[in-house]
Each structure stands twice: as C-alpha cells, then as structure tokens.
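Beneath this line is the structure, given in structure tokens, with notes to follow.
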Amino acid sequence: MVQDTRIHSPSAVNTLYRSGGLRRIALLVALAIILIAAVIWAACTGTVEVSVHDTYLVCAHAVLDPLYTALPGLAAMVPVTLPPPSDPQATLIVTGFRLPRILLAVLTGISLAVAGSVMQGLLRNPLVSPFTLGLSSAASFGAAVAIVIGPAVLGTMAPGMGNDAFIILMAFLFGWLSMFLVYMIARSRGMSQSMLILAGVVIGYIFQAGVMGMNYISSSDRLRDIVVWLMGGMWGASWNAVFILTPVCLGCFIILELMAWDLNALSSGDDVAQSIGINVERLRLKGLMVATFASSCCLAFTGIIGFIGLMAPHICRMLIGNDHRYLIPCSALLGASILLISDTVARTILSPVEIPVGIIMYLIGGCFFLFLILRGRGRGLY
Amino acid sequence: MELVLDTITTAYGNTVAVEDVSFTVLPGQVVALIGPNGSGKSTLIKTIATILKPLRGSITIDGLDIARMHPIDLASRIGYVPQQYTYTLYSTVMETVLLGRRPYIKWSVSDEELSRVQRALEAVDMAGSAGRFMDQLSGGERQKVFIARALAQEPALYLFDEPTSALDIRHQLGVMETLRILGTSRGATVIVALHDLNLAYRYADRVVIMDQGRLVAAGKPQDVLTPDCIRSVYGVETVFVTNEHGEFILPVRG
C-alpha cells in the first residue's frame with residue numbers, strides 16, 4: 001500500500017492523544033472557573049447589591065454556624081471568628097433568595113445539558129434533546145392539567161397537598177410517561193433510532209395538542225398560570241428544590257459519566273458497538289431513562305427551559321470533541337454557566353422587573369454558537 | 001481459532017435469509033464468502049458476529065458456543081467491520097480506531113493501547129491522518145479507518161463485510177494483502193464477504209459460495225470457482241485467462 005509521508009514517528013498517536021487530553025482538562029478547569037465566577041457575581045448582583053465580602057461572610061456563617069452548633073468540639077479545635085456582614089439584610093438576601101435560585105439554575109443547567117449530550121450520543125442524532133423526544137410537551141401537559149384541574153382534584157382527594165407540588169408531580173410523571181411511550185413504540189418497530197426520534201416528535205405533538213386544549217378551556221387566571229409555567233424560569237427556587245435536585249443531579253451525572261466509553265463506542269453504529277461487547281438496547285434504555293429522570297425532575301421545578309439541552313452539547317462538541325468522558329462534564333459546566341448567567345442578567349437587566357430567562361439565554365447561547373461555527377473547526381481544543 | 005458453523009438458520013421476522021449453513025474454518029485461513037446480492041453473506045457474517053441471533057444451529061469457536069460467551073469475552077475474540085459504516089461529527093481517526101480497544105479499556109488509556117492504535121493505523125497507511133476528522137476523509141480512507149479499528153481490536157477471528165467496496169483498485173489490493181498477512185503472520189482466521197471473484201480467487205484459502213441463503217459450494221478457490229458454478233449462481237458466462245501473473249476470471253456474457 002502507499003506509504004504516508006506525514007506523521008510517522010512511533011509515538012505520534014501517543015503524543016496526539018496526550019496533548020489533546022491536557023487541552024481538554026485545561027478547558028474543563030477554565031469552564032469551572034467561569035462557573036464559580038458566575039456564582040459569585042449572581043450572589044452579589046440584584047435589585048439590592050451585596051458586596052463580595054459580605055457574600056463571603058454570609059456563606060461562611062451559613063456553613064460554619066450549624067457545624068459549630070452540631071460539633072462543639074470542632075469550635076474549640078479550629079476556632080474561626082468571623083464578623084457579621086456589614087449589611088444586616090445580606091444574610092436574608094443571599095441565603096433566603098439568591099443562593100437557592102443560583103443553585104437551582106446550576107443544577108438545572110447541568111441536568112438538561114448532560115441529558116442532551118447523552119441523548120444525542122445514544123441516538124447519534126444532533127437534533128435530539130429532552131425536547132425533541134416529546135418530554136417537554138408531555139411535562140407541559142402534565143403541568144397544564146395540574147393548573148386547570150388541580151384545585152378541584154386536590155380539594156377532594158389530597159387536601160394537604162399544595163397546588164405547586166401537584167404541578168411538579170404531574171410534570172414529572174408525564175415527562176416519564178412520554179419517554180416510556182416513545183421507547184415502547186420504537187421497540188415495537190425494531191428499536192431503530194429514526195423510529196425513536198419520529199415517535200418522540202409524534203408523542204410531543206399529541207401532548208402539545210393537549211396543552212392547546214387545556215389553554216382553550218381554561219379560565220383567564222389559569223391561562224396566565226399555564227403561560228408563566230410554559231415560559232420557564234427560576235421563580236420556583238427554594239432550598240427544598242435544591243435539596244431534592246442535588247442528589248438527583250449528582251447521581252444521574254455519575255451514572256451517565258460511567259457510561260462514557262459505551263457512548264463513545266455507539267458513535268460507530270449499533271452493530272459495531274455490539275461487536276465490541278456492548279449491549280446496545282440495554283445501554284440505550286438505561287441512558288434514556290436516567291437522562292429523562294434528571295431533566296424531568298428539574299423541569300418540574302423550573303417550567304420549560306429550552307435550548308440548553310440542544311445547544312450546550314453542540315457547543316461542547318465543537319470545543320472538546322466527541323469523547324463523552326470529557327463531553328459530559330463539559331456540557332454540565334457550560335450548561336450551568338449559560339443558564340446561571342442568563343438568569344442573572346434576566347433578573348437584573350430591567351431590575352426590579354424580571355424578564356423571562358429564555359430571552360437572554362437564546363441571545364447569549366445563540367451568539368456563542370454562531371461565533372464557534374464561523375470561527376471554524378480547525379482551531380478546536382482537541 | 002477454529003470456527004464451526006453447524007446448520008445455521010437466520011431470519012428477519014418471517015423471512016429466512018440464511019438456511020442450514022454449515023462449514024468449518026481452520027486457524028490462519030482466509031475464507032472468502034461470495035454470492036450474488038441478497039444471497040445471505042452479510043446476514044451470515046452478522047450472525048457469526050452475534051449481532052443477529054440464529055433461529056437454529058450453533059456456532060463454536062475453539063469448541064466454545066458463542067451464544068454462551070460473555071459479550072466482552074466475545075469482543076476480544078471476534079472483530080467485525082460492517083458493510084455500511086457510521087461515524088459522528090467531531091470524531092477523529094484516532095478516536096475511532098481507539099474504540100477497537102474498548103474491550104480492554106476500563107477508563108484511562110495506557111501507552112500500550114495507544115501504540116496498538118498506532119500499529120493498526122500504520123497497517124492501513126493511515127498513521128499520518130490520526131488527527132483528522134472522520135468527515136474530512138474520502139470514502140476509501142474511512143473504510144481503511146474502520147479496518148484499522150478491527151485490527152486494533154486484535155481478535156483471533158476477523159469478519160469483514162465487503163471491505164473493498166469503496167476502494168480503488170490499488171487500495172483493494174492493499175486491503176486484501178493486509179487480510180492475507182493477518183492469516184499468514186498472525187495466525188488469525190479471516191472471513192471476508194466479497195463481490196470481486198478475482199480477489200477471492202487470488203487471496204482466499206477457501207471460498208464459500210452462497211445463493212438464496214444456502215451454501216452452494218465450499219472449498220479451495222480452484223475447486224469451487226468454476227465456470228459452471230459461476231454460471232449457476234450468477235447466471236454469467238466466464239472464461240479463465242492465464243498469463244505470467246496467474247489465472248484470472250473474465251466475465252464474457254451476462
């Protein structure tokens with residue numbers, strides 16, 4: 001065969017792989033720094049400005065005070081005396097309002113972006129996201145049903161349950177139901193990926209019809225509630241939401257990250273993946289269910305947050321390549337950063353009026369995506 | 001590795017694609033699987049690769065039933081290159097070939113794994129393209145990358161489904177030389193589905209001819225690739241031309 005005259009030293013592949021790995025880790029570190037900076041900025045910024053020092057003191061007190069109360073010996077061993085924040089309102093503003101909202105944005109960004117990158121990898125389709133598989137329409141329908149019939153149903157069946165909790169539950173259940181239906185339809189037709197996507201789109205339209213029907217029959221008050229939920233946002237932030245979502249998000253992230261090599265193998269096609277020892281159907285079922293679980297849990301608290309699940313993985317693929325060991329954490333960091341920065345801009349740009357996060361997110365993410373496309377692929381980091 | 005197929009029957013739903021096929025392949029042999037379109041070559045290869053489950057019959061490698069083997073164990077023994085290849089955007093040549101080492105990689109990639117990737121790429125003359133993206137390659141180059149992925153897997157049994165279909169004449173010969181070396185130097189067993197009768201005649205130790213899902217003939221190329229057999233399977237008249245380079249099959253009338 002013809003001899004290639006370009007790279008031919010025995011360690012060429014080794015050098016290429018190792019240098020690419022270092023650049024990828026550097027990118028992940030840079031994204032982590034951006035996210036931390038965004039968290040600090042979001043905690044300090046708002047209708048009432050809080051200094052970075054006060055924010056630090058509030059956070060330190062929030063961590064250390066309960067620790068010292070629970071473990072009196074620790075205070076004696078490691079005595080740390082911190083002054084109270086200079087602004088007496090700072091504690092309430094930071095821990096009561098901003099931190100839960102920041103953490104909800106971070107957790108939602110992580111969940112949706114990771115779910116999107118995994119779903120795209122599982123189905124080898126760049127248009128797949130939690131939304132193109134019908135999940136968002138189904139969750140919307142569940143929420144709309146809860147908003148319209150919730151008060152009547154809860155009044156008779158579960159008087160102790162708040163209407164917000166019912167909305168969250170219904171959005172979550174219908175999100176899962178959609179994925180189950182999509183999967184069963186695709187499975188009955190040989191589990192081809194095109195059938196899976198088609199089934200997702202069709203199920204999405206059916207639930208969309210249900211949402212439109214609910215809009216049509218609901219009273220003006222309820223209609224406003226539905227529209228607000230559909231717009232999505234971090235209005236529903238609370239420490240309860242953070243405590244529920246943190247283990248869900250962390251657990252799902254770890255499970256999906258451990259599937260990284262199998263997802264890489266799937267990029268060569270189902271047959272090849274199977275021939276190198278992967279149970280493709282089991283991988284796809286497990287991956288889709290975990291990704292659906294993570295995203296529907298977040299959607300239940302935030303309403304519809306589009307774009308992140310589709311665009312964050314794309315942007316990350318351009319930056320860091322197709323290796324899911326790096327792609328999944330990269331999507332998580334970028335998704336969290338984009339959503340948090342967008343939410344902070346959305347609540348401060350016309351302060352005290354808050355605008356929907358989608359407006360800012362589509363602008364920031366869309367412009368960044370266009371920049372990467374126009375910049376060209378030859379200057380990728382891998 | 002000795003491969004034994006015993007009365008294998010495989011179907012897609014109610015349509016039987018391979019019926020009662022039995023043959024044995026000895027270690028180090030290169031076996032060409034030939035036959036017209038739809039004769040069941042790809043189905044048989046997928047069945048051996050355990051991608052399709054046979055309705056009846058059994059396949060054993062070195063006496064072990066492949067249906068009872070663990071997928072990872074199987075992956076270290078059988079390498080498969082499909083007829084239609086798939087890749088995703090932003091995948092590089094190196095990453096694609098590295099997937100061949102998947103059965104041996106837990107998480108991080110050792111220098112040893114990377115040197116195997118290097119050797120596999122060198123074997124198909126693609127070492128210089130390790131950093132290129134898959135969608136920047138020509139169809140022939142991509143095919144060579146997928147062959148390199150199977151080489152990196154280093155199994156004892158290679159299954160190639162029409163590996164020369166996208167290649168020009170020079171690269172067809174190059175790939176067939178590589179498969180030949182796998183058999184002679186490494187002692188690997190190679191089954192390759194081919195349409196080119198001359199390649200089968202020149203490079204295979206044995207030829208298995210299939211038609212309408214059934215095995216028509218199996219044996220040495222000189223014994224089974226006869227004008228009568230080709231006429232009955234393909235409906236084509238051929239003559240055998242001999243010169244200083246050997247014997248060649250020339251189709252003369254359809």
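No value in this document is a laboratory result; all are computed from the given coordinates. Bear in mind that the values here come from a model prediction, so they are computed numbers and not experimental data. Here Cβ is always computed from backbone atoms with ideal geometry, including for glycine, and neighbour counts include all displayed protein chains.
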Antiparallel content of DSSP bridges confined to chain B, in %, to 5: 60
Of A:Asp87, A:Asp270, A:Asp65, the one that fluctuates the most in a GNM where chain A has Cα springs shorter than 10 Å: A:Asp65
Calculated from backbone phi, Karplus (6.51, -1.76, 1.60) coupling profile of the stretch A:29-34 in Hz, x at Gly/Pro: 5, 4, 5, 5, 5, 4
Entries in B:Lys41/B:Lys220; B:Lys46/B:Lys220; B:Lys53/B:Lys106; A:Lys286/B:Lys41 that, when Cα-Cα distance is taken, lie over 26 Å: B:Lys53/B:Lys106; A:Lys286/B:Lys41
Estimated distance in nm for a label pair at A:Leu285 and A:Thr95, the labels positioned 7 Å out from Cα along Cα-to-Cβ: 4.6
Centroid-to-centroid separation of the stretch B:66-80 and the stretch A:28-60 [C-alpha atoms, Å]: 52
Amide proton proximity set for B:Ala11, modelled H, under 5 Å, gap of 5+: B:Ala17, B:Leu55
Prolate/oblate/rounded label for chain A (Cα gyration tensor, a/c 1.5): oblate
Farthest toward positive dipole pole in chain B [+1 Lys/Arg, -1 Asp/Glu at C-beta], among B:Gln136, B:Asn14, B:Thr178: B:Asn14
Cα-projected label distance for A:Trp235 with A:Val80, points at 7 Å along beta-carbon direction, nm: 3.7
Label-to-label distance, nm, for residues given as A:Leu250 and A:Leu64 (7 Å Cα→Cβ offset): 2.3
Contour minus Cα-Cα distance for B:Val216 and B:Ser232 (0.36 nm per residue): 4.8 nm
Charge dipole (debye, nearest 20) of the stretch B:89-153; +1 at Cβ of Lys and Arg, -1 at Cβ of Asp and Glu: 200
No Cys partner within the rule (Cβ under 4.7 Å), chain A: A:Cys44, A:Cys59, A:Cys249, A:Cys252, A:Cys297, A:Cys298, A:Cys367
At R0 = 35 Å, FRET efficiency that the Cβ-Cβ distance of B:Glu247 and B:Ser58 yields, to 0.05: 0.45
Convex hull volume per residue for chain B, taking Cα atoms only, in Å³: 139
Residues with amide H under 5 Å from that of B:Ala193, placed H, sequence gap 5 or more: B:Leu33, B:Phe160, B:Asp161, B:Glu162
For the stretch A:319-327, 3J(HN,Hα) per residue [Karplus equation, 6.51 cos²θ - 1.76 cosθ + 1.60, θ = phi - 60°, Hz, x = Gly/Pro]: 7, 10, x, 9, 6, 5, 4, 9, 4
Rel. contact order, % - alpha carbon contacts under 8 angstrom, at least six apart, the stretch B:89-153: 55
Amide H partners (placed H, <5 Å) of B:Leu64, local residues excluded: none
Lys, Arg +1 and Asp, Glu -1 on Cβ, resulting dipole of the stretch B:1-83 about Cα centre, debye, nearest 20: 240
Neighbour-count order for B:Val241, A:Val128, A:Val39, fewest beta carbons within 10 angstrom listed first: B:Val241, A:Val39, A:Val128
222 nm mean residue ellipticity, helices alone, for chain A (DSSP H n ≥ 4; -39,500 (n - 2.57); rounded to 500): -25000 deg cm²/dmol
FRET efficiency estimate (nearest 0.05) - Cβ-Cβ, B:Ser22 to B:Phe240, R0 41 angstrom: 0.90
Debye equation applied to the C-alpha atoms of the stretch B:150-220, log10 I(q)/I(0) at 0.24, 0.25, 0.29 Å⁻¹: -1.21, -1.28, -1.48
Taking A:Met289, B:Met94 and counting other C-beta atoms within 10 Å, the order from fewest to most: A:Met289, B:Met94
Relative contact order (percent, whole number), chain A, Cα cutoff 8 Å, 6+ residue spacing: 27
Shape call, the stretch B:89-153: gyration tensor on alpha carbons, a/c limit 1.5: prolate
The stretch A:50-64 - phi-based ³J(HN,Hα) in whole Hz, Karplus 6.51/-1.76/1.60, Gly and Pro as x: 10, 5, 4, 5, 4, 4, 4, 5, 4, 5, 5, 5, 4, 8, 6
